[in-house]
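All of the numbers you see were taken from the coordinates with simple rules; none came from a lab. Owing to the predicted nature of the structure, the values given are computational and were not obtained by experimental measurement. Here the Cβ positions follow ideal geometry from the backbone for every residue, glycine too, while neighbour counts run over all protein chains shown.
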Amino acid sequence: MLQFSQLRCFVAVAGERHFGRAAARLNMTQPPLSRQIQQLEHALGLQLLERGPHGVRLTPAGRAFLPEAERLLSAAVEAELTARRALRGELGTVRVGYVGGASFALLPQLVARARQQLPGVELLLRDMSSAEQFEALRAGRLDVGLVRPPIPDAGLERQLLVREPFVAVLPADHPLAARPQLTLQDLHEQPMVMYEPAQGGRLYELISSACQTAGVAPRPAQSVRQTYALLGLVAAGVGLALLQTSATRLQMDGTVIRPITLPAQVVSELHLVWRARDADEHPAIARLVALAAELASQSQAGPQAIRPGPH
């Protein structure tokens, strides 16, 4: 059976055309080098080298064998490098789920950072609701998720990445648009455009609870799945809406955005979730988790808006 040590010796002798120079190149003495070549020729049943008083010459078999030996050695080096990169989490595939709100700022930033720092890691992105992501994580169909709370206690690790306030989005001709700042009380009896429960259930719960506590009663007008649809209905005058601050990058003609004072608990949160054993077994997942945490800590939102979440 061929051994890589034999191949390295043969390639060195073939390159130097001299046993002494080849031995010096390999940092070994000449007798063990000669034995390696003899063992290789014996294993092949072929003479690869012709020894002469003035050096070494390749036989026809040796000339044919040399490029293949070099290819095998190169492949072995590449295999070792690949294995080491995989161990460092620099290679692999990570399946990433995300809610729509993550695509406004966090997800593009995370993908860009991963492409820069982990170019050998392929991210498979899947637009999914939080509930769909929890189910996929439990079933092993997803590696990490960008989700909204609440997060079920299902053996998931978690990291709070984004915590940002809401703003009010109004039709441009709405009477409240003239105000520089709104309050929760301004929503009383106002028609509201909301996300469907599967998309924005957490927001609906937060707003409903806060309104109940304050004695405020907005009127549900329409429910939608997509932010563009929500903005379109606001622009058409169907009602008001509340959006996380990052979503205002999608501002649409015919709408205005105003800050609104809400109870402290009414904020938009995005969490990264994953299974601990997946990160232990797949270094690429662990690297992406660390990259997301690093990105969050460096965010312009600042330490009050983005901070590590509890485990």
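The GNM of the chain, with springs linking C-alpha atoms under 10 angstrom apart, assigns the highest mean-square fluctuation among ALA24, ALA102, ALA236 to ALA24. Of the complete DSSP H runs in the chain, none spans 27 angstrom or more by Cα along the long axis with a mean Kyte-Doolittle score not below 1.0. Residue exposure proxy: ARG63, ARG179, ordered by other Cβ atoms within 10 angstrom of their Cβ from fewest to most, comes out as ARG63, ARG179. The ellipsoid that matches the Cα gyration tensor of the stretch 78-155 has semi-axes, each √(5λ) in whole angstrom, of 26, 16, 9, with the longest given first. Among the listed options [x] 0.98; [y] 1.32; [z] 1.02, the one matching Rg/Rh (Cα atoms, Kirkwood Rh) as calculated from these coordinates is [y]. Taking label points 7 Å from Cα along the Cα-to-Cβ direction, ARG113 and GLN212 give a separation of 3.7 nm.
Sparsely packed loop sites in the stretch 151-229 (the trypsin sites (Lys or Arg not before Pro) outside DSSP H, G, I, E and B with at most 16 other Cβ atoms within 10 Å) comprise ARG225.
Debye-formula intensities of the stretch 166-261, expressed as log10 I(q)/I(0) at q = 0.18 Å⁻¹, are -0.75 (one equal scatterer per alpha-carbon, no solvent). Per Stokes-Einstein, at 10 °C and 1.306 mPa s, what whole-number D in µm² s⁻¹ belongs to the stretch 141-192, with the Kirkwood radius over Cα pairs as the hydrodynamic radius? Using the Kirkwood radius from Cα pairs, D works out to 106 µm²/s. Counting DSSP beta bridges in the chain, what percent are antiparallel, to the nearest 5? Around 60 percent of the beta bridges assigned by DSSP in the chain are antiparallel ones.
Remark on the stretch 1-135: ratio of C-alpha radius of gyration to 2.2 N^0.38 Å is 1.78. Maximal additional length on extending the THR183-ARG84 stretch stands at 30.0 nm, based on 0.36 nm per residue less the C-alpha distance. For the chain, a Gaussian network of Cα nodes joined below 10 Å ranks GLY155, GLY52, GLY101 by mean-square fluctuation, and the top entry is GLY52. Summing charges over neighbours of ARG115, with a neighbour being any other residue whose Cβ is under 14 Å away from its Cβ, gives 0 when K and R count +1 and D and E count -1.
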